[in-house]
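Novice: Dropping a structure here in structure tokens format, bear with me for questions.
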2 protein chains.
Amino acid sequence: MDKAQSRVRGRRRSGEGGAERPAQRDPERTRASILAAATKEFAENGIGGARVDAIAERAGTNKRMLYHYFGDKEQLYLAVLEEAYIGIRSAERSLHLSDLEPEQGVAELAMFTWKYFLDHPEFLSLLGTENLHRARWLRQSTRLKELHSNFIDKLAGLLDRGKAKGLFRTDIDPLNVYLTIAALGYFYLSNQHTLTTIFGRDLADKANIEAWKQHIVHVTLSSIRR
Amino acid sequence: MDKAQSRVRGRRRSGEGGAERPAQRDPERTRASILAAATKEFAENGIGGARVDAIAERAGTNKRMLYHYFGDKEQLYLAVLEEAYIGIRSAERSLHLSDLEPEQGVAELAMFTWKYFLDHPEFLSLLGTENLHRARWLRQSTRLKELHSNFIDKLAGLLDRGKAKGLFRTDIDPLNVYLTIAALGYFYLSNQHTLTTIFGRDLADKANIEAWKQHIVHVTLSSIRR
DNA sequence: CAAGCCAGTAACTAAACGGTTACTTTGTGG
DNA sequence: CCACAAAGTAACCGTTTAGTTACTGGCTTG
């Protein structure tokens, strides 16, 4: 009803305070800064708790730009998720399991995974959020389906060499080995807050973290040895 | 401005359609039904994504009752979390580890934990939500701090018997053993959607679920044996 | 060098949300 | 049998939220 009237109201008092922030005029930087801010916001609050205004503020920009570059909140979340997966998959590529002795290779993979989880808590949070929603966005993503690396194949090769040498049991499954490593790391870190509260041991303590790394290596190796 | 006016507007047209739902008049049932509905809603959507209106509707009641019995959304969430923990702790009490041979006892604990996780997906979701918020509500809860059972003590007793018999290594830590069992179960189930999507193996498949149970028992036992 | 396009801003809007109010219904004890 | 308290209802409210509009200004290019 009074739409036309309110429409008329002035929008911008040009030259009020001058440029508070030197207008960046740098699309790549703005986009990256929104993505980084969104990663934090989604990781801290989940998809339901994340606030679009908060993301814009954290990025030092405003909502318009966010919608400009990413469409809407859900597409922004998908971009965050894709970037997170790209991060771990490309880090994995720097692991050269084929150059190592079988036992050493499994130990390296376990320590690498542990360190990656430790250094990227936001990745763990995003995984948790995505699973809460039954992988709704991950399943949509065509980009990520292409990304599925030959990671398990490389691990299978390593394990086969161990089997041939008589070091490992012949019935072990590469995916199970990887799931074991990931499970031990993921659970310890992602559930550390409830566990610390309930069991009264500070899992974030440096010594405990180092001990758990050794524990993962020990558990993984002892479960696959003949 | 027109507040007074709108205030005057009639509220209830008594005797319009008659009783659509036979008014329960059963406080306990109403409370329980709200709690059950809230458990589902929080487990499916997290705390940020859960909707108070949705909880009321699922419970077959209305928001007023929810606020009547639980105060506000956060207190309702806390009640849900407390009930979930009470559930697993009391189920744990039915386990009589002290009657079993050490190896059999560890296997029973592993299988019990797996089955509990499998049967209570909402418990896993709530744990995830609570950890996302750094155990903010769990830490507040005085009820749950009293609840912390002698569970680890019972497990320690079992392991000590195994050590005395020369079956288990003497340096194993009861908490680590429990964390190992919980980690393997939790990760497989709570992350099944992303894992299934990424690795192309249906983790929800019955045979795979049974195989993972055996895997947990095997991994746990092989990591503690001398 | 002007025209047009793209980066950027802030005020705005409709809808959704958590929470409250005003009121009705029903079982129970004096 | 009626008064009162507790259970229950639905409309309502103020605020927050995702998303949009109207506009500015600078860089590039024909």
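The values are calculated or read from the model by the stated rules, or taken from the named source; none is laboratory data. Predicted, not measured: the structure shown is a model, and the values here were computed from it. Cβ placement follows ideal geometry from the backbone for every residue including glycine, while neighbour counts extend to all protein chains displayed. For the accessible areas, the whole protein counts, side chains as well, though only heavy atoms, and no ligand, DNA or RNA atoms are used. Shrake-Rupley method; radii C 1.70, N 1.55, O 1.52, S 1.80 Å.
Novice: Compute the label-point distances linking residue A:71 to its equivalents in the other copies; points lie 7 Å from Cα along Cα→Cβ; give nm, one decimal, shortest first.
Specialist: Output for residue A:71: 4.2 nm, nearest copy listed first.
Novice: Mind grabbing the accessible area of residue A:165 for me, 1.4 Å probe, Å², rounded to tens?
Specialist: Its accessible surface works out to 120 Å², give or take rounding.
Novice: In nm to one decimal, list the spacings between the residue B:209 label point and its equivalents in the other copies, with label points set 7 Å along Cα to Cβ, shortest first.
Specialist: 3.6
Novice: Using a 1.4 Å probe and ignoring any ligands, DNA or RNA, find the accessible area of residue B:40 and quote it in Å² to the nearest 10.
Specialist: The accessible area of residue B:40 comes to roughly 120 Å².
Novice: Quick one: with all protein chains in place, what share of the accessible area of the protein assembly as shown is carbon or sulfur, to the nearest percent (1.4 Å probe)? Provide the component values of the computation, followed by the final result.
Specialist: On the way: 11770 of 24340 Å².
Looking at the protein assembly as shown in its full context, I get 48 percent from C and S.
Novice: Dipole magnitude of chain B about its Cα centre, charges +1 at Lys/Arg Cβ and -1 at Asp/Glu Cβ only, in debye to the nearest 20?
Specialist: I would put it at about 840 debye.
Novice: So, one more: Return the inverse of the average 1/r over all pairs of distinct C-alpha atoms in the range A:74-224, which is the Kirkwood hydrodynamic radius, in Å to one decimal. Don't skip to the end; give the middle numbers.
Specialist: Details: mean 1/r = 0.0598 Å⁻¹.
For the range A:74-224, the Kirkwood estimate is 16.7 Å.
Novice: Residue B:168's amide H: which non-local residues (gap 5+, or another chain) put their own amide H closer than 5 Å, with H modeled 1.01 Å from N in plane and none for Pro or chain starts?
Specialist: Here the answer is B:163, B:226, since their amide H atoms fall under 5 Å of that of residue B:168.
Novice: Be a star and scan the range A:207-226 for residues whose amide nitrogen sits under 20 Å from the point 7 Å along the Cα-to-Cβ vector of residue B:171.
Specialist: A:207-225
Novice: Quick one: Karplus J couplings for the range B:34-51, per residue in order, coefficients 6.51, -1.76, 1.60, θ = phi - 60°, nearest Hz, x for Gly and Pro?
Specialist: So the Karplus estimates, Gly and Pro as x, are 5, 4, 5, 5, 5, 4, 4, 4, 5, 5, 7, 10, x, 6, x, x, 5, 10 Hz.
Novice: Note down the nm distance, to one decimal, between modelled labels 7 Å out along Cα→Cβ at residue A:44 and at residue B:147.
Specialist: Going by the 7 Å Cα→Cβ label model, 2.9 nm.
Novice: Average the reciprocal distances over every distinct pair of alpha-carbons in the range A:25-71, invert the result, and give the Kirkwood radius in Å. Could you put the intermediate results ahead of the total?
Specialist: Details: mean 1/r = 0.0965 Å⁻¹.
When all Cα pairs of the range A:25-71 are included, the Kirkwood radius is 10.4 Å.
Novice: In the P(r) worked out for the protein assembly as shown, what percent of Cα pairs fall beyond 43 Å? Let's see the in-between values first.
Specialist: Details: 26224 of 101926 pairs.
Pairs farther apart than 43 Å: 26 percent.
Novice: Then there's this: In the neighborhood of residue A:51, defined by Cβ-to-Cβ distances under 13 Å, what is the net charge if each Lys or Arg adds +1 and each Asp or Glu adds -1? Each step should come with its number before you reach the end.
Specialist: Working: positive: A:40, A:58, A:63, A:73; negative: A:41, A:44, A:53, A:57.
Result for the neighbourhood of residue A:51: 0.
Novice: Return the FRET efficiency for the residue pair residue B:32, residue A:72: r is the Cβ-Cβ distance, R0 is 45 Å, and the value is rounded to the nearest 0.05. Spell out each step's value before the answer.
Specialist: Details: r = 39 Å, r/R0 = 0.86.
After rounding, the FRET efficiency stands at 0.70.
Novice: Taking 0.36 nm per residue of sequence separation and subtracting the Cα-Cα distance, how much length would be gained by fully extending the chain between residue A:91 and residue A:209, in nm to one decimal? Walk me through the numbers before you get to the answer.
Specialist: Details: separation 118, 0.36 × 118 = 42.48 nm, distance 2.13 nm.
This chain segment gains 40.4 nm when fully extended.
Novice: Could you name the residue in chain A with the C-beta closest to the rotation axis that superposes chain A on chain B, along with the separation in whole Å?
Specialist: A:48, 2
Novice: Continuing with the same structure: Suppose you put the label 7 Å out from Cα in the Cβ direction; list, shortest first and in nm with one decimal, how far residue A:111 is from each other copy's label.
Specialist: For residue A:111, the inter-copy label distances come out at 3.8 nm.
Novice: When only the heavy atoms of the protein chains count and the probe is 1.4 Å, how do B:196, B:142 rank by accessible area, highest first?
Specialist: Values: B:196 40, B:142 100 Å².
Order by accessible area, largest first: B:142, B:196.
Novice: Quick one: if the Förster radius is 45 Å, what FRET efficiency do residue B:202 and residue B:63 give, using the C-beta to C-beta distance and rounding to 0.05?
Specialist: For residue B:202 and residue B:63, the calculated efficiency is 0.70.
Novice: Still on this structure, please answer the following. Who wins for biggest fluctuation among A:187, A:199, A:70 in a Gaussian network model of chain A, springs between alpha carbons below 10 Å?
Specialist: Result for chain A, Cα springs under 10 Å: A:199 fluctuates most.
Novice: Continuing with this model, one more query. Round to the nearest 0.05 the FRET efficiency obtained for residue A:226 and residue B:101 when R0 = 25 Å and r is the Cβ-Cβ distance. The partial results should precede the final answer.
Specialist: Numbers: r = 25 Å, r/R0 = 0.99.
The computed FRET efficiency comes out at 0.50.
Novice: Separate question: Can you work out ³J(HN,Hα) from phi for every residue in the range A:156-172, in order, using Karplus 6.51 cos²θ - 1.76 cosθ + 1.60 and θ = phi - 60°, giving whole Hz and x for Gly and Pro?
Specialist: Taking θ as phi minus 60°, the curve returns 4, x, 4, 5, 4, 5, x, 5, 4, 7, x, 7, 10, 5, 7, 9, 6 Hz for the range A:156-172.
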